[in-house]
């Protein structure tokens, strides 16, 4: 019962702090003109969003960091290699996204970090992750609990970590195209991983990971006050990259990499449709979908933005409930 009480408390504090950060940050970003250009191929309804500030990820990045540091200083939680890995991934990808957003704003176009530089920075994060992970005695296993399947893949586990971090961060980034879409789906995803972390009592630092997840859920709920339609701010790469990578990091630590696909089913669908569209176009010069990521196809079909977001939230929630049943009960 005590961990439930702690979780509710950090969620509440995360929400309050994110609202405060949002109220202070949005006027500053507007004054700085920290907005990015939108694609010319988007629907007419998106044109009114021109000038909306980006870098809104700071609204939900700062509160969880403050909460975790405060709890550590108060000795309410303890340092663990698991918490170090999660916070390191969270902050590192936030910095990568922040640099990307900053360059886009400074250059007044949509050209931030090059793909090569992004991949290099992500590779550095994966290498540090891998060595911390091994240093504390973890085996490089592909582990499926339900089927009692374990496969030691040695140094290839480092590449696996890189793949999970890059794939998850880019998937959330692709999904961040409608007001409140990525934010709402990440609330569901981190809430799910918070519950799953409760069940991984074999993992050193599982309670700290759970509390981090719930503090981030609260902060994301506060962010949605400003990001839901009509959005007053976008999370930008600052937010989307760090959210996706952190989901990947927690999935690896809790050995629920496969469940990440179920929990993030909408992120997976968004990514797969983009890959299919690009591959098919290169082969045939034709398109499978009117526009990708897939949420834009629904817009092309005449759906309202808010209806698309609600539908995708429901799909994400169904995937999360299935994952909880499979990961905890079955």
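Name every residue in region 270-306 that is exposed (fewer than 14 other Cβ atoms within 10 Å of the Cβ), touching a helix residue (DSSP H, G or I) at 6+ places or on another chain (Cβ under 8 Å) and not in a loop (DSSP other than H, G, I, E, B), in order of residue number. Listed by number, the list is empty, since nothing qualifies. Of all residues in region 176-223, those being closer than 21 Å to residue 58 by Cα and either in contact with a strand residue (DSSP E or B) (Cβ under 8 Å, 6 or more places away or on another chain) or part of a loop (DSSP other than H, G, I, E, B) (or both) number 5.
Looking across region 75-106, just one residue is without any contact (Cβ under 8 Å) to a residue 12 or more places away in the chain, within 22 Å of residue 17 (Cβ to Cβ) and in a helix (DSSP H, G or I), and that is 95. Go through region 111-162 and give me each residue that's out of contact with any helix residue (DSSP H, G or I) (no Cβ under 6 Å at 6 or more places or on another chain) and assigned to a loop (DSSP other than H, G, I, E, B). Listed by number, the residues that qualify are 111, 114, 137, 138, 139, 145, 146, 147, 148, 153, 154, 155.
With respect to residue 119, determine if the residue is exposed (fewer than 15 other Cβ atoms within 10 Å of the Cβ) and without any contact (Cβ under 8 Å) to a residue 40 or more places away in the chain.
Values: exposed (fewer than 15 other Cβ atoms within 10 Å of the Cβ): yes; without any contact (Cβ under 8 Å) to a residue 40 or more places away in the chain: no.
No; evaluated as a whole, the condition is false for this residue.
If you take the residues in region 75-104 that are under 15 Å from residue 236 (Cβ atoms) and surrounded by 20 or more Cβ atoms within 10 Å (Cβ to Cβ), which one is farthest from the chain's Cα centre (by Cα)? Among those residues, the one meeting the criterion is 104.
Residue 232 satisfies every condition listed in (1) touching a helix residue (DSSP H, G or I) at 6+ places or on another chain (Cβ under 7 Å); (2) buried (at least 19 other Cβ atoms within 10 Å of the Cβ); (3) touching a residue at least 40 places away in the same chain (Cβ under 8 Å); (4) over 19 Å from residue 321 (Cα atoms) except (2).
For region 161-177, does any single residue satisfy the condition of being without any contact (Cβ under 8 Å) to a residue 24 or more places away in the chain and surrounded by 13 or more Cβ atoms within 10 Å (Cβ to Cβ)?
Our first condition is that a residue be without any contact (Cβ under 8 Å) to a residue 24 or more places away in the chain; within region 161-177, this holds for 163.
Filter once more, keeping what is surrounded by 13 or more Cβ atoms within 10 Å (Cβ to Cβ): 163.
Yes: region 161-177 contains one or more residues that are without any contact (Cβ under 8 Å) to a residue 24 or more places away in the chain and surrounded by 13 or more Cβ atoms within 10 Å (Cβ to Cβ).
Considered as a group, the residues in region 127-157 that are free of Cβ contacts under 8 Å to residues at least 40 places away in the same chain, under 24 Å from the mean Cα position of the chain (by Cα) and closer than 19 Å to residue 256 by Cβ include one that is surrounded by the fewest Cβ atoms within 10 Å (Cβ to Cβ), and that residue is 140.
Filter region 36-55 for residues that are within 16 Å of residue 237 (Cβ to Cβ) and at pLDDT below 75; which is surrounded by the most Cβ atoms within 10 Å (Cβ to Cβ)?
As a first pass, look at region 36-55 and keep what is within 16 Å of residue 237 (Cβ to Cβ): 36-39, 52-55.
Now drop any that are not at pLDDT below 75, which leaves 36-39.
Working: 36: 20, 37: 12, 38: 16, 39: 10.
My answer is 36.
Sub-6 Å Cβ pairs linking a first residue in region 57-74 that is at positive phi and surrounded by 19 or more Cβ atoms within 10 Å (Cβ to Cβ) to a second residue that is modelled with pLDDT under 95 and part of a loop (DSSP other than H, G, I, E, B), at least 6 apart or interchain, number zero.
The values are calculated or read from the model by the stated rules, or taken from the named source; none is laboratory data. Being a predicted model, the structure only gives us computed values, none of them experimental. Positions of Cβ are backbone-derived with ideal geometry, glycine not excepted, and every protein chain shown enters the neighbour counts.
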